[in-house]
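*Asks:* Before I ask anything, here is the structure I am working with.
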Amino acid sequence: MASKKYYAVLKGRQIGIFTSWADCEEQIKGISGALYKAFKTRGEAEAALGLTDQASLFPTAQNEVKWREVKEKIMPASELILESVCVDASCLGNPGDVEYRGIYTATCEVIFHKRPMLNGTNNLGEFLAIIHALAHLKNQASDIPVYSDSETAILWVKNKKVRTKLEPNEDNKEIFNLTGRALKWLESNDYTNAILKWDTQAWGEIPADFGRKQGSYNPPQISPTEQTVHMIIFGNTYPVREELKKTSLKWSHKTWIGDIPLAEIERLKQFCRQHDLQYTIEGKDFKESRLPRGSRPLPTSNVPAVMGQGRLQWEIEETLNIENLRNRKRQSKKLV
């Protein structure tokens, strides 16, 4: 016959001592961070909760008890909703350079893309991506859901608390500043958007994935009908011309131009950032451009200020109308 146990619940729906696992489970199930522990005698359980003066008999003060913590499990969504935003982060190293982005799931249109930040972690990037999506959607008065493939980041958002082991320093000042702003946004804003776990096993990699995992990258089945996008790379490309010759692009009148498979896009964008090259990417329903470092958006830029007052503090790739920029430069030359 199994010996009787006494279950002490330190944190849960109801704090106290319960004589059956069913009663204990009712107090802790579904509560992330709930704390409980089983004891052989009621006296030990009472002492652990500080309910008696029997510390001399049962030296189990709360700070000495190895409480069991309930960790909430985020299950993948059962249904894929195309009318949604999906987010993902990439970290080159651990810690390392972190960037993240959000895209519209139905068309794979890039909505926002945060410039790489030094000495961060992937979990921090995933957390910031979700908050950025929520802030952007609230700014647009949209209640469509947000997908993430990071269970940790989803829990951080739901609990409004970041549990990172990374220590702040001068190098990662930017990502910790953004994390602080994100937590403040959570505390001062309500949202109705559902945050859903992307089912990678059933649907493939999340569409916002950067395609940098080891092994081959298979674009998700929900990609747009077209499998290529039009790309133009310009700037000081002479030093890297041999690398560009290996791509699907062709040299034409001071630019590299051509139709690029979707699977190649992220690699080429990373290449352009690494060598500070300009590019324009055009798909069926979107256009994305990059200016050299130090450039700033024109007053007519569509860059959304979704958090805080600084327009550029939260964004990465300033999506601009390159032709307008060129026209402005031409007009400036004519005036000289």
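*Asks:* Would you check which residues across segment 33-43 are touching a Lys or Arg at 6+ places or on another chain (Cβ under 8 Å) and either more than 19 Å from Lys66 (Cβ to Cβ) or buried (at least 16 other Cβ atoms within 10 Å of the Cβ) (or both) and list them?
*Replies:* Ala34, Leu35, Tyr36, Lys37, Phe39, listed by residue number.
*Asks:* Report the residue count in segment 152-194 for those that are of a type in the set (Ser, Thr, Tyr), over 16 Å from Thr121 (Cβ atoms) and assigned to a helix (DSSP H, G or I).
*Replies:* 1
*Asks:* Here's something else I'd like to know. Taking into account only those residues within segment 229-249 that are touching a helix residue (DSSP H, G or I) at 6+ places or on another chain (Cβ under 7 Å) and in a strand (DSSP E or B), which is modelled with the lowest pLDDT?
*Replies:* Residue satisfying both the conditions and the ranking: Val229.
*Asks:* Next question. Does segment 256-266 hold any residues that are touching a Phe, Trp or Tyr at 6+ places or on another chain (Cβ under 9 Å) and either modelled with pLDDT of 85 or more or open to solvent by 50 Å² or more (accessible area, probe 1.4 Å) (or both), and which are they?
*Replies:* Across segment 256-266, the qualifying residues are Trp256, Ile257, Ala263.
*Asks:* Give the number of residues within segment 167-191 that are surrounded by fewer than 17 Cβ atoms within 10 Å (Cβ to Cβ) and touching a helix residue (DSSP H, G or I) at 6+ places or on another chain (Cβ under 7 Å).
*Replies:* Total meeting the criteria: 2.
*Asks:* Something else now. Could we say that Lys114 is at negative phi, touching an Asp or Glu at 6+ places or on another chain (Cβ under 8 Å) and either buried (at least 22 other Cβ atoms within 10 Å of the Cβ) or at pLDDT 85 or above (or both) here?
*Replies:* yes
*Asks:* Further, regarding this structure: Against the definition (part of a helix (DSSP H, G or I), open to solvent by 20 Å² or more (accessible area, probe 1.4 Å) and modelled with pLDDT of 85 or more), how does Gln270 come out, yes or no?
*Replies:* Judged against the criteria, Gln270 is not a match.
*Asks:* Only one of (1) open to solvent by 20 Å² or more (accessible area, probe 1.4 Å); (2) modelled with pLDDT of 85 or more; (3) within 25 Å of Val98 (Cβ to Cβ); (4) in contact with a helix residue (DSSP H, G or I) (Cβ under 8 Å, 6 or more places away or on another chain) fails for Pro219. Which number is that?
*Replies:* Pro219 satisfies every listed condition except (2).
*Asks:* Now, a different point. Would you please name the residue that is least open to solvent (accessible area, probe 1.4 Å), looking only at residues in segment 84-110 that are modelled with pLDDT under 90 and over 20 Å from Arg267 (Cβ atoms)?
*Replies:* Restricting to residues being modelled with pLDDT under 90 and over 20 Å from Arg267 (Cβ atoms), the top hit is Thr105.
*Asks:* Looking only at segment 18-35, how many residues end up being within 25 Å of Trp156 (Cβ to Cβ) and either small (Gly, Ala, Ser) or touching a Cys at 6+ places or on another chain (Cβ under 6 Å) (or both)?
*Replies:* 4
*Asks:* Give the residue that is modelled with the lowest pLDDT, with candidates limited to residues of segment 204-216 that are farther than 15 Å from Ser150 by Cβ and crowded, with 16+ Cβ neighbours inside 10 Å.
*Replies:* Checked segment 204-216; the qualifying residue modelled with the lowest pLDDT is Gly211.
*Asks:* Another question, if that's okay. Regarding Cys24, is this residue touching a Phe, Trp or Tyr at 6+ places or on another chain (Cβ under 8 Å), more than 24 Å from Ile265 (Cβ to Cβ) and at pLDDT 80 or above?
*Replies:* In short, yes.
The values are calculated or read from the model by the stated rules, or taken from the named source; none is laboratory data. Model, not experiment: these values are computed from the prediction. No Cβ is skipped: glycine too gets one built from the backbone with ideal geometry, and neighbour counts run over all protein chains shown. Side chains included, ligands, DNA and RNA excluded: accessible areas come from the protein's heavy atoms. Shrake-Rupley method; radii C 1.70, N 1.55, O 1.52, S 1.80 Å.
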